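These notes concern the structure reproduced below.
The values are calculated or read from the model by the stated rules, or taken from the named source; none is laboratory data. As the structure is a computational prediction, the values presented were derived from the model and not from experiment. Neighbour counts run over all protein chains shown; Cβ positions are idealised from the backbone, glycine included. Areas reflect the complete protein model, heavy atoms only, side chains present, ligands, DNA and RNA absent. Shrake-Rupley method; radii C 1.70, N 1.55, O 1.52, S 1.80 Å.
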Amino acid sequence: MAQVLHQRFLTPLQTPRHDSTGYARVNSGKSSTYGPVVAHSIISSNLPGSGHAHSPPAAPPEVRRLVVDEAGEGQRLDNFLMRLLKGVPKTHVYRVIRSGEVRVNKGRAAADTRLALGDEVRVPPVRVAEKPAGAPAAPAREFPILFEDDHLLAINKPAGVAVHGGSGVSFGVIEQLRQARPQAKFLELVHRLDRETSGILLLAKKRTALVALQDQFRSRDTGKTYAALVSGVWPAKLKVIDVALHKTLDARGERHVLPVAADHPDGRRAISLVKIASALADFTLLDVTIKTGRTHQIRVHLAQAGHVIVGDPKYGDFALNKQWARGEGLAGLRFERMFLHARQLAFDHPASAERITLTAPLPAECATLLTRLSQPH
């Protein structure tokens, strides 16, 4: 039996305590999206025919009593448990909450109970699936820093790097940064960028900062502007795209986003403001400011307008993408990424309320491509 408890935000109590039948208080007025990152794996394999005859039998999982520190403060109990009990079905998590096996401060608690600093959480014995054998660990990596203080971190994410692991991706920016900063008590993504998109990515170093910043994103109080190179000559009069979007899965199970009518039952309104930054011979460099944050919004909006983003592997011109990746048509220059870059982000600082505007310069490969396209050929 091997038991690993990786502790980022919680401190186990040393002395077990008995539960009482009282009810835990519910703390309100705070919200959060991301919970603690705690991995508790119990590895067992002394099963007939398993080929591991020398492995000792696994000990049963035990009750854990944990104390919430500032990183878990304000989080819902159900979200807290789902991040704690990785791999456990949601239905089981809600079942142990409803049954009273989970206690907060010795009392029963509802799924929407908000945890407060110093709360004691009793977690019943739950077996958590271990990670697949041989799964690669995230390598420690830092990224170019655009801004950093005690509350937040802004980096310039390169294209081709996912922001987090999942869906066939072992790790992303957040896992690599946590490995590079083992002393960090709290580090969470404030928002997302597509894997193929480069540019400004914001992370919170305190839960209070995470909640405040995500509130701004939800209420559209941030200013997000992207640089996008599209094929063709963009019509100067087309400055606002207000087209609803609908997320679907194709036959292979891959996510696709479709433009739909405003009254489509599954459509969500999406608004993009478009400005011409530079007109080239057969292409146009655009500044696109999004007023909503829908999945693949800019990519789909520009494509449905008849001007796909250069290098877009999902909605773009696949023949041109392959041609440029081979260095054909650009006098030997290879361009092997999507030309979409989060170049500017404005928001209010979560502690001082000061308005901050960050900019990320175009990546070298994008700047080189623009230079090449501006030359006569």
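Round to the nearest 10 and report in Å² the accessible area of residue 322, as given by a 1.4 Å probe over the protein chains' heavy atoms.
Answer for residue 322: close to 130 Å² accessible.
Let's test the formula: R0 of 56 Å, r as the Cβ-Cβ distance of residue 276 and residue 99. What FRET efficiency results, to the nearest 0.05?
Calculated transfer efficiency: 0.40.
Just to check I understand the Karplus step: with θ = phi - 60° and J = 6.51 cos²θ - 1.76 cosθ + 1.60, what whole-Hz values come out for region 356-369, glycine and proline as x?
Each residue of region 356-369 in turn: 10, 10, 9, 10, 10, x, 4, x, 4, 5, 6, 5, 5, 4 Hz.
Mind ranking 205-216, 337-348 by how tightly packed they are, going by the mean number of other C-beta atoms within 10 angstrom, highest first?
Order by mean packing, descending: 337-348, 205-216.
Could I have the simple spin-label model distance between residue 256 and residue 349, label points 7 Å from Cα toward Cβ, reported in nm to one decimal?
So the label points at residue 256 and residue 349 sit 4.7 nm apart.
Any chance you could run the full-extension gain for residue 63 through residue 356? It's 0.36 nm times the residue separation minus the Cα-Cα distance, nm to one decimal. Mind dumping the intermediate values first?
Working: separation 293, 0.36 × 293 = 105.48 nm, distance 4.55 nm.
Stretched fully, the residue 63-residue 356 segment lengthens by 100.9 nm.
Given the Cα-Cα distance of residue 242 and residue 169 and 0.36 nm per residue of separation, how much length would full extension add, in nm?
Full extension of this stretch gives 23.0 nm more.
Given Cα pairs under 8 Å that are at least 6 residues apart, what percent is the relative contact order of region 233-317?
It comes to 26 percent, rounded to a whole number.
Run the reach check for residue 106 against lysines, Cα to Cα strictly under 25 Å, same-chain hits fewer than 8 apart removed. What comes back?
Candidates past the 8-residue exclusion: 30, 86, 90.
Express in nm, to one decimal, how much length is gained between residue 192 and residue 371 on full extension, taking 0.36 nm for each residue of separation and deducting their alpha carbon distance.
Computed gain between residue 192 and residue 371 is 61.5 nm.
Say each of residue 147 and residue 220 gets a label point 7 Å from the Cα, pointing the same way as Cα to Cβ; how far apart are those two points in nm?
The modelled label-to-label distance comes out at 2.2 nm.
Sorted by average packing, counted as other Cβ atoms within 10 angstrom per residue and highest first, what order do 255-262, 98-105 take?
98-105, 255-262
What is the total of Lys pairs in region 232-340 with C-alpha atoms under 15 Å apart, excluding same-chain pairs fewer than 8 positions apart?
Within region 232-340, the lysine pair count is 6.
Can you give the net charge of the other residues whose Cβ lies under 14 Å from the Cβ of residue 370, counting K and R as +1 and D and E as -1? Please list the in-between numbers first.
Values: positive: 337, 343, 372; negative: 282, 287, 365.
Result for the local shell: 0.
Going by average Cβ neighbours within 10 Å, how do the peptides 235-242, 194-201 rank, with the highest at the top? List each step's numbers first, then the result.
Values: 235-242: 12.0, 194-201: 22.8.
Put in order of decreasing packing, that is 194-201, 235-242.
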